[in-house]
Amino acid sequence: IVETQEHYKSRWRSIWIMYLTMFLSSVGFSIVIMSVWPYLQKIDPTADASFLGWIIASYSIGQMVASPLFGLWSNYRPRREPLVVSTAISVAANCLYAYVHVPHSHNKYYMLTARALVGFGAGNVAVVRSYIAGATSLMERTSAMANTSACQAVGFILGPVFQTCFTLIGEEGLTWKLIHLQLNMYTAPVLFGALLGVINIILIFAIFREHRVDDMGRQCKSINSEEENDALDQNTEGNVDHVAVVALNVLFFVILFVFAVFETIATPLTMDMYSWTRKEAVFYNGIILSVIGIESVIVFMVVKTLSKKTGERAILHGGLLIVLVGFFILLPWGKKLPNIQWQEIKNNSIPRTVPTEMLMPFWSLQEVQLLSNHTAEPVGCPITQSWCLDTPVVYLAQYLSSDVLIGLGYPVCNVMSYTLYSKILGPKPQGVYMGWLTASGSGARILGPVFVSQIYTHLGPRWAFSLICGVVVVSLLLLEIVYKRLIAFSVRYGRMQE
């Protein structure tokens, strides 16, 4: 059936609503990513860096559980249902996050629950990707997936920007005692995120409609339509290449794993290496992540054109190489050691048998004087991390260079993975498959923060980043093995030429 003009306009309006939903999902994650650690320290002093890893990972645990469920739901029912339910869960979870300071104890576990529920709501990413895959032709697919990832990247840009703007409110902010609400630099961003979620739900009801086209762009009935539809067209006949599907799931896991490591380690690394305070770390890393997000959007726009000349597979290969170089640069070199934090001495947590002259080379005169100042915030690398005494500092130039390279390689890998995956699956309903791909990425976001918080805390940045480089090298080898199998469903069965 030739697509009508009315169908075309309605189809792209619905796709734009999906772009917005993707944007809001990424904002829900990034709007607090730089402030989770200082907020956690403020509401619950018993929480340590290891627990931070679980807080960050809880978002992805929720998303990993929800993605296949929402994907399955979207294969058989109108997609509006899982979209509205998931967004409503995210709104409620953001409101819970704003109140985690209220309980008298176990505050860190309330924060853990709130972030897990926000992640559960973000499981709608599988619904969004599957809808866009089914509502675009093969020629439109790369551009649409790039736009989807660009919206996700813009969410990652504006999330830290919002957070940075809200730092102007300060740590104390305003308190509405009647409802026990504290409006400060930690809670204002999530309340703003909840407001955006409500707007998204309204737009889904008002504008979103079910649409489907085949790989050639011809109008088809959607299996998710509320109208009865007994069978799909004959172009769905044929088996999916499950070797290629599994390989892309593994590659996507690695891509999300290394980026999750990068996101999680940014604040603790800069606080340890450059003696930044909590507020400085949130502010400066917010700016850095915002710049990386802008870089990513530019990359998404470029790869849409570049992929037509070189193909998605070659670009994915190049993106992985750039990420490898980015983490290699981040390895500590030189002889300069980081400043050692003085707070442990003040609290008498270091044994008295440690001679003061052993610690003096790591202190400035000002830091020694601060020992008597009980109101100052401790800065520097804590001596409880034994590697601080012998691991060279990661220079700021190294850190910024790595940021630029990872900010270039990650978006390339991300959009090419989704594009290749959707093309390999073909015209069949992709909800469950997209759910598994999203779940594999969520699994990476679970293991990444936990991995880096444990390895970094106990062994230091040299071990952490060396292991990441090894993982990327293995993924490059896997890509070489399956390279020839990563072709579109219609191309594989001779219905279209590559």
query = Would you call LEU447 open to solvent by 40 Å² or more (accessible area, probe 1.4 Å), more than 18 Å from PHE327 (Cα to Cα), of a type outside the set (Gly, Ala, Ser) and at pLDDT below 85?
reply = no
request  = Looking at (1) farther than 20 Å from ILE287 by Cβ; (2) modelled with pLDDT of 80 or more; (3) crowded, with 19+ Cβ neighbours inside 10 Å; (4) not small (Gly, Ala, Ser), find the lone condition where VAL27 falls short.
outcome  = (1)
inquiry  = Cβ-Cβ distance below 6 Å, separation of 6 or more or different chains: which pairs start in the stretch 84-95 with a residue that is without any contact (Cβ under 8 Å) to a residue 24 or more places away in the chain and end on one that is crowded, with 24+ Cβ neighbours inside 10 Å and not in a helix (DSSP H, G or I)?
reply    = none
Matching residues in the stretch 175-200 - criterion: being open to solvent by less than 30 Å² (accessible area, probe 1.4 Å), in contact (Cβ under 8 Å) with a residue 24 or more places away in the chain and in a helix (DSSP H, G or I) = PRO189, VAL190, GLY193, ALA194, GLY197, ASN200
request  = Using the structure shown, decide if LEU52 is assigned by the TED database to the domain that holds GLY121 and touching a Phe, Trp or Tyr at 6+ places or on another chain (Cβ under 6 Å).
outcome  = yes
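Scan the stretch 384-422 for residues that are open to solvent by 30 Å² or more (accessible area, probe 1.4 Å) and either within 22 Å of ILE287 (Cβ to Cβ) or in contact with a Leu (Cβ under 8 Å, 6 or more places away or on another chain) (or both) and jot them down.
LEU389, ASP390, TYR395, LEU396, ALA397, LEU400, SER401, VAL404, LEU405, LEU408
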request  = Check every one of the helices (runs of 4 or more DSSP H) wholly within the stretch 42-161 and list those with 2 or more residues that are surrounded by fewer than 19 Cβ atoms within 10 Å (Cβ to Cβ).
outcome  = 49-76, 80-97, 107-121
key: helices (runs of 4 or more DSSP H) lying entirely in the stretch 274-352 (those with 2 or more residues that are at pLDDT below 80 and not small (Gly, Ala, Ser))   = 278-310, 343-346
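Looking at the stretch 132-153, can you tell me whether even one residue there is assigned by the TED database to the domain that holds VAL32 and farther than 30 Å from TYR8 by Cα?
no
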request  = Give the residues of the stretch 13-46 that are within 18 Å of LYS279 (Cβ to Cβ) and aliphatic (A, V, I, L, M), sorted by residue number.
outcome  = ILE31, VAL32, ILE33, MET34, VAL36, LEU40, ILE43
request  = Answer yes or no as to whether GLY293 is touching a Cys at 6+ places or on another chain (Cβ under 9 Å), assigned by the TED database to the domain that holds LEU400 and not aliphatic (A, V, I, L, M).
outcome  = no
task = Say whether the condition of being open to solvent by less than 40 Å² (accessible area, probe 1.4 Å) and either under 27 Å from VAL450 (Cβ atoms) or assigned by the TED database to the domain that holds CYS165 (or both) is met by at least one residue in the stretch 310-319.
result = yes
key: Residue check for GLY170: under 20 Å from SER25 (Cβ atoms) and open to solvent by 10 Å² or more (accessible area, probe 1.4 Å)   = no
inquiry  = Pairs needed: first member in the stretch 17-31, outside any helix (DSSP H, G or I); second member anywhere, open to solvent by 10 Å² or more (accessible area, probe 1.4 Å) and not hydroxyl-bearing (Ser, Thr, Tyr); C-beta distance under 7 Å; at least 6 residues apart or different chains.
reply    = ILE31/PHE162; ILE31/GLY193
remark   = In the stretch 459-476, anything in contact (Cβ under 8 Å) with a residue 24 or more places away in the chain and of a type outside the set (A, V, I, L, M, F, W, C) is listed as GLY460, PRO461, ARG462, SER466, SER475
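The values are calculated or read from the model by the stated rules, or taken from the named source; none is laboratory data. Everything quoted here is computed from the prediction, not taken from an experiment. As a convention, Cβ positions derive from the backbone with ideal geometry for all residues, glycine included, and neighbour counts pool all protein chains shown. The accessibility values were calculated without ligands, DNA or RNA, using every heavy atom of the protein model including side chains. Shrake-Rupley method; radii C 1.70, N 1.55, O 1.52, S 1.80 Å.
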